[in-house]
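The values are calculated or read from the model by the stated rules, or taken from the named source; none is laboratory data. These numbers were taken from a predicted model, which means no experiment stands behind them. Note that we place each Cβ from the backbone using ideal geometry, even for glycine, and neighbour counts take in every protein chain shown.
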Amino acid sequence: MGAEAKCTARVKGKTVSGTARLETDVLQFRGRSTGSGLGRSSSRPGGDLRLSIPFKAISKVTDRDGTLTVTSKDGVASFDLGAAAAKWAHKIQHPPSRLDKIGVKPTWRASAVGVDEAAFLAELENAVALLSVGRVVNACDAVFYGVTNEAQLSRLEKLKGSIKPDGAIWIIRPKGRPEISEAAVMKAGRMAGLVDVKVVSFSATHTAEKFVIPASERRR
């Protein structure tokens, strides 16, 4: 998502000027104040206030006369966003699914290896034209590759040969695990001749990173 707006926020009786940002699953705000905030917040020297309100923590969302108001267990926060208020409210109430974030298309040929989340595989199978689980087929629009350690990343170069010129390899890895760090994944992608173009939160425990063939090297 990444929508951003300069605005005035009202939080726990305080009026603060700053910047609000709407990400895929969280509403953020940074402004100048000496008070405490809502949800995850921090007050820094000089009155720098940061808020981070996950969509899942929001129990009520309204937009009225250009003001977005969200309610969570920690209280109420209002943001004067003007015409954008209604759009932000809709996005908070209807966040994109992970298939939306990945950009899945019904015409896709896809493969999934090392992915053990049955719910995702069922979602994907219902959304694409072909899904091969456990075996990589040729001419894939997307390969979903689940990894748990760095050694498994050596397979990327071979997987690269199974995607279409404009296809992608999505590496799905556990979050916060030293045995499969972000730096290791990025390095392995480069060594395989791929470039990373996107990262999404795959689940509460896993991250998905998208790698593609550089445009200059794609076969015509």
When every residue in segment 153-181 that is charged (D, E, K, R) and within 15 Å of the chain's Cα centre (by Cα) is compared, the one surrounded by the most Cβ atoms within 10 Å (Cβ to Cβ) is Arg173
Considering only residues that are over 30 Å from Phe211 (Cβ atoms), in contact (Cβ under 8 Å) with a residue 12 or more places away in the chain and surrounded by fewer than 17 Cβ atoms within 10 Å (Cβ to Cβ), which ones fall in segment 88-127?
Gln93
Kindly provide the set of residues from segment 128-149 that are touching a residue at least 24 places away in the same chain (Cβ under 8 Å) and surrounded by fewer than 17 Cβ atoms within 10 Å (Cβ to Cβ), ordered by number.
Arg135, Val137, Asn138, Ala139, Thr148, Asn149
Kindly check whether there is at least one residue in segment 16-23 that is in a strand (DSSP E or B), modelled with pLDDT under 90 and surrounded by fewer than 15 Cβ atoms within 10 Å (Cβ to Cβ).
no
Has segment 63-81 got at least one residue that is surrounded by fewer than 18 Cβ atoms within 10 Å (Cβ to Cβ) and within 20 Å of the chain's Cα centre (by Cα)?
no
Hits in segment 6-15 - residues which are at pLDDT 90 or above and surrounded by 19 or more Cβ atoms within 10 Å (Cβ to Cβ)
Cys7, Ala9
Out of the residues in segment 33-62 that are at pLDDT 90 or above and hydroxyl-bearing (Ser, Thr, Tyr), state the one that is farthest from the chain's Cα centre (by Cα).
Thr62
Tally up the residues in segment 123-140 that are within 21 Å of Arg173 (Cβ to Cβ) and under 23 Å from the mean Cα position of the chain (by Cα), please.
4
Pairs, first within 19 Å of Gly103 (Cβ to Cβ) in segment 156-168, second charged (D, E, K, R) and crowded, with 19+ Cβ neighbours inside 10 Å, C-beta under 7 Å, six or more apart
Lys164/Asp141; Gly167/Asp141; Ala168/Lys210
